[in-house]
1. Show me the helices (runs of 4 or more DSSP H) entirely contained within segment 103-222 in which 2 or more residues are among the aromatic types (Phe, Trp, Tyr).
2. Inspect all residues belonging to segment 426-443 and state whether any of them is on the phi > 0 side of the Ramachandran plot and not assigned by TED's automatic domain parsing to the domain that holds residue 228.
3. Between 46, 94, which is surrounded by 13 or more Cβ atoms within 10 Å (Cβ to Cβ) and more than 23 Å from residue 129 (Cβ to Cβ)?
4. Which number in (1) more than 27 Å from the chain's Cα centre (by Cα); (2) at pLDDT below 95 marks the one condition that residue 418 misses?
5. Out of (1) acidic (Asp, Glu); (2) surrounded by fewer than 18 Cβ atoms within 10 Å (Cβ to Cβ); (3) touching a residue at least 12 places away in the same chain (Cβ under 8 Å), what's the single condition that is false for residue 208?
6. Within segment 16-25, identify whether any single residue is in a helix (DSSP H, G or I), in contact (Cβ under 8 Å) with a residue 12 or more places away in the chain and surrounded by 23 or more Cβ atoms within 10 Å (Cβ to Cβ), and answer yes or no.
7. Quick check: is even one residue across segment 30-44 within 37 Å of the chain's Cα centre (by Cα) and among the charged types (D, E, K, R)?
8. Look at segment 49-81 and say how many of its residues are closer than 24 Å to residue 107 by Cβ and buried (at least 17 other Cβ atoms within 10 Å of the Cβ).
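The values are calculated or read from the model by the stated rules, or taken from the named source; none is laboratory data. Values in this document were obtained by computation on a predicted structure and should not be read as measured data. Every residue, glycine among them, receives a Cβ derived from its backbone with ideal geometry; neighbour counts consider all protein chains shown.
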Amino acid sequence: MEFLPLFFSFKGRSALVVGGGEVALRKVALLVKAQAKVIVVSPEVHNDIEALVSTSGGEVKLKTFDPGDVSNMSLVIAATNNVEVNTAVANQAHNLNIPVNVVDQPKLGNFIFPAIVDRSPIIAAVSSGGSSPVLARLLRAKLETVIPSSYGRLALLAEKYRTKVKQSFAHINLRRGFWERALTGPIAELVFAGKEREAEALINEELDNKEPVKKELGEVYLVGAGPGDPDLLTFKALRLMQQADVVLFDRLVSKPILELCRRDAHMVNVGKARSDHLVPQEGINQLLVDYAKKGHRVLRLKGGDPFIFGRGGEEIQELTDHGVPFQVVPGITAAAGCSSYAGIPLTHRDFAQSVRFVTGHLKNNTTDLPWSELAYTNQTIVFYMGLMGLPIICSKLIEHGMSPDMPIALVQKGTTPEQKVIVATLGTMVKTLESQTVSAPTLIIVGEVVSLHDKLKWFDPNQSLMRNID
């Protein structure tokens, strides 16, 4: 091991940065974040450096480097593009036994900066020893996906109760057992959900009882799975998918996304297709309540976003009526995902100043929509679940004043390897589809922005690395 990983406190201590460009700016920003008093020496400095340094109580010295600048410093960084200056800074720091880092010349210094995951007070750092900074950044990115930002709040809560826990449990093994339960169970989940007050109440209850508090009631996680590409899931969605022991999923949730759920979870397919519901909506609502009341952590996994034509509102109304706790995690709705992957911006100052999301079939199984409003120009209309009603959509828009030449796109299975984009006009789309094989789910986009598809399309399903699991 060439480098010993350590975490030093530089709060209020002086740190010297020699250099005033963008590289120096990044180091100054990091030192200021660590609450160091930053001294910058350079004939010229980036405007943002002066603003940052002033907040740290430091100083900017507009001059060339002098060996005396290193005196009384706790840390030194050489960040110039001049090898001779960097070498002089490093030599002086070595002479005074002060830690020194030389940017892009690690062998001149005696410490390096790692790639940092900051969940203060939780800090994770990754280093390649200077051999491959890019690889270190890639590893940091992987850590970012598995360390929720709320871990910092969890650590602060643990710090707050550390003394009380020590007083409550004399033996170290008992303390360790308490913290393992607290940091992985209901207490942690309350913190992740932003319910610190409830988490503290549960901690106090456990400490008063000296035994784990049995939580009879489970919880429901209403999670948006996005339009299909698993890379579009949020960090929070992934975390909850990994910890739920029961999963109720829709037909629109792609198989690669289902593969990311906890392996031993009980999977319940409640998928709904047009006029073919495996489980009626009322039955889904009841299942969520029943599983939660048995103490399960229930994942309700929905394609797209739960609150955009996902009937999430109906489900949490039922949960609220039965006193079942829940969390809602937004997902990338089909309109945003499919339009992006199709190269069709939903708004564009030259073509559309607004966008409307419309369901292609309503509760009464009709397309009884405010057509005169939808036929308005300079807007984009996105129809969800509109494949069966497409002929009516086209004819009604034309009937209410929209030009037959208005561009329209149908996006099949957007963001997945099966994505297919068919572009036509309101007057020709129905005829165009007669020679095409199209399968749900589909999204329909109407508006001048569709004309940008040929120029802006970037996603090639044939080149997609996303695994299609049968």
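1. By residue number, 151-168, 172-184.
2. no
3. Working: 94 fails: more than 23 Å from residue 129 (Cβ to Cβ).
Every option except 46 fails the conditions.
4. All conditions are met except number (1).
5. (3)
6. yes
7. Yes, because at least one residue in segment 30-44 is within 37 Å of the chain's Cα centre (by Cα) and among the charged types (D, E, K, R).
8. 10
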